[in-house]
Amino acid sequence: MFECPTRAPASTLVRPELELPALPKWYERWVHRCLGYGRALDANVMGRRQLGRMLAGVHRLDAALESATDEDLESRLQALKNQVILKGYSREMLIEAFALIREVSGRALGMKHFDSQLTGGWHLFQGRVAEMATGEGKTLTATLPVAAAAMAGIPVHVITVNDYLSKRDCEEMSPLYQALGFSVGCVEPGMTPDQRRQVYACDIVYCTNNELVFDYLKDYLVWKAAPDVMHRYAERLKGNETLDSELVMRGLHYAIIDEADSICMDEARTPLIISANNPANDTEALMYQQALDIASQLQEDTHYTRYEKLKQVEFKDAGEELIDRLASSLGAYWVGRVRRYELVRQALIAQLFFLRDRHYLVRDEKVQIIDEHTGRVMADRSWEKGLHQLLEIKEGCPNTASRETLAKVSYQRFFRRYRFFAGMTGTAKEVRQEFWDIYQKQVCGVSTHHPLRRLQLGSRLLATQQQQMAAIVSAARVIVDQGRSVMIGTSTVGASERVAQALAAGGITAQLLNAKQDHLEAEIIAEAGQPGRVTIATSMAGRGTDIKLHPEVERRGGLHVILSELQDAGRIDRQLAGRCARFGDPGSVELIVSLDDEWLSDHWTRPWLSPCLGVSWGQRIGLLIMKWQQKMRERRHKKMRYQLLKTDEQKGETLAFTQGSL
């Protein structure tokens, strides 16, 4: 089956996008999954013949194109563009487009696509999720479907997980797109609406998932009063300049999602919300302070039960009685029974579950959220339901006004509105079924161009955090003495600073890359592959980060990665390990953890595991328990995603989209 994106009108008023397809009911699910297995068979088995013909066709055209002059190439490109716009793509035309893009890439970038990248591009152009090993050149791979779609006059969004990667990829690939005759832009934080409109008017737009969705929500708030296309044109004819001056996007045509599992899965557990400040209210600030005061007087097990995994608390009768007594003289805000219990519950959650330098940091007297998936600061974001204001009081920061929700949408709902989209990542096989169930996308594996040279040096489980730090320092010293470079992965800002202190005490100088040093990211990454360099990084360095190795480091064995903690999903651990041994380079990875890690600190097996760590079977059992705990968390997160999707569907059935529902 040959599927590909098709052209549609593109303007801020027409804004083409799909009506949300209905998800299969429970009794239709098995048929839907059987269809998915059939599509996967077609893509992975029958599709091999098509791939073979495609690769043979590209290489057959390569000899003729290499000898062509720039003028000949430009003439051939223009002829192909005209033909594609008139007739749409056929397999033969797509093969010619790939061959032309590959040749222009060799001249503009000095890089020609390998067969593995051509294969990945073929899958992407047909709307699949291409699983390519880390370091296989997904940035260059994406140029094939992106440029091919742009030839057909289709606006393309290239979406990635953070601003650093978005800007880097745009700058690196711009010479190719410009040589092909396309305009390219990058959406960056802090842009004005006029600047954003200019960028979205380009043929190819690089952006992050957050910037894209919030621009969509802002546009939605403008045009929800005129949801019909003819209505919007009528408003323009009447002289209403609001739509033209405030709308920035041209619709949802075709998207390539880099690190698709991170964006479509890991970040899809919570909806994206756009809100406005409520008027300042001194009484509200006093109310939050009172809630924290009451919460500080409650005792665990006596007044409430704490659910660590769910990040929730449940009041006992004694707790409710104490809250009623303490709140009886606090004023009108505390009269409502449900309201006062919810206020104190939020205050307890702020005190117990939200930790400084893990979930947020304090900078310039502001509480700034740390994105748990990317490790980056989300400076303009805030938590809802008073949680942000409670944390500001907890940290002694000036209190900001509470916010009112104006619109919200989940990633599952947003990306299914694209007329056509595809994804690429290095870690998709674990969630291939979910990709099909929610997005109707098949995951197709792509073979590596070079054999993988990553050495797995095993895993170690230590009894205490002190022993773990000593082992990390010792392992780092051995690698540094070999003239290689080291990257140590942590999950939080606080953990990265503890590792830095341990290394400093051991006489090893290290560079920190976490949310506090986000402005130095490019410089730190540029130096991370130098001989003797030790870099400590949170998940900021976990996806898309390409560490260039010094020739001496490559000769001596490459980058060594030490995982000091397990992340929320095994896929994220694999991403961090993928910073080494990229595209045929040598490298090695090891795991060094302790019983003090959150996975085992409260587990019932800890008391008898500690004395057994000296023998191999004790190590194996402890590590298996940690991996099992990680799997259980992955399952919980999957349930959260399905629950959010179910809630979205119910809302969509209750309120039609044309009446203001997203």
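What to note about this one:
- Note on the stretch 157-181: among residues that are within 19 Å of L100 (Cα to Cα) and touching a strand residue (DSSP E or B) at 6+ places or on another chain (Cβ under 6 Å), the one that is surrounded by the most Cβ atoms within 10 Å (Cβ to Cβ) is Y177.
- The set of residues in the stretch 617-651 that are small (G, A, S) and within 19 Å of E430 (Cα to Cα) is empty.
- Candidate set: the stretch 406-425, residues that are within 17 Å of I274 (Cα to Cα) and part of a strand (DSSP E or B); chosen: the one nearest to the chain's Cα centre (by Cα): V409
Let's see how each residue does on (1) within 20 Å of V446 (Cβ to Cβ); (2) out of contact with any Ser or Thr (no Cβ under 6 Å at 6 or more places or on another chain); (3) assigned by TED's automatic domain parsing to the domain that holds F182; (4) without any contact (Cβ under 8 Å) to a residue 40 or more places away in the chain:
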| site | (1), (2), (3), (4) |
| --- | --- |
| R48 | yes, yes, yes, yes |
| L55 | yes, yes, yes, no |
| A64 | no, yes, yes, yes |
| L80 | no, yes, yes, no |
| L86 | no, yes, yes, yes |
| E96 | no, yes, yes, yes |
| A99 | yes, yes, yes, no |
| V104 | no, yes, yes, no |
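- Members of the stretch 218-268 that are surrounded by 23 or more Cβ atoms within 10 Å (Cβ to Cβ), in a helix (DSSP H, G or I) and either in contact with a Pro (Cβ under 6 Å, 6 or more places away or on another chain) or hydroxyl-bearing (S, T, Y) (or both): S262
- Residue ranges of strands (runs of 3 or more DSSP E) in the stretch 272-337 with at least 2 members β-branched (V, I, T) and either surrounded by 12 or more Cβ atoms within 10 Å (Cβ to Cβ) or at pLDDT below 90 (or both): 272-277
- Filter result for L361 (at pLDDT 85 or above and assigned to a strand (DSSP E or B)): yes
- Where a residue in the stretch 109-128 is farther than 19 Å from P5 by Cα and touching a residue at least 40 places away in the same chain (Cβ under 8 Å) and its partner, wherever it lies, is part of a helix (DSSP H, G or I) and among the acidic types (D, E), with Cβ under 9 Å and at least six apart: L109/E172
- Matching residues, the stretch 458-488, being surrounded by fewer than 15 Cβ atoms within 10 Å (Cβ to Cβ) and more than 24 Å from L513 (Cα to Cα): G458, T464
- Residue match in the stretch 428-447 (condition: under 26 Å from the mean Cα position of the chain (by Cα) and within 28 Å of T535 (Cβ to Cβ)): yes
- Flag for G375 being in contact with a strand residue (DSSP E or B) (Cβ under 9 Å, 6 or more places away or on another chain) and assigned to a loop (DSSP other than H, G, I, E, B): yes
- Count of the stretch 630-652 residues, restricted to those that are over 20 Å from R432 (Cα atoms) and free of Cβ contacts under 8 Å to residues at least 60 places away in the same chain, is 3.
- Any hit, the stretch 169-183, residues being in contact (Cβ under 8 Å) with a residue 24 or more places away in the chain and touching a Gly at 6+ places or on another chain (Cβ under 9 Å): yes
- Matching residues in the stretch 188-217 - criterion: being part of a helix (DSSP H, G or I) and either touching a His at 6+ places or on another chain (Cβ under 6 Å) or surrounded by fewer than 16 Cβ atoms within 10 Å (Cβ to Cβ) (or both): P193, D194, Q195, Q198
- Test: residue in the stretch 129-136 that is closer than 20 Å to F583 by Cα, in contact (Cβ under 8 Å) with a residue 24 or more places away in the chain, hydroxyl-bearing (S, T, Y) and buried (at least 24 other Cβ atoms within 10 Å of the Cβ): yes
The values are calculated or read from the model by the stated rules, or taken from the named source; none is laboratory data. Note that the structure is predicted; figures quoted are calculated from it, not measured. Virtual Cβ from ideal backbone geometry, glycine too; neighbours counted across all protein chains shown.
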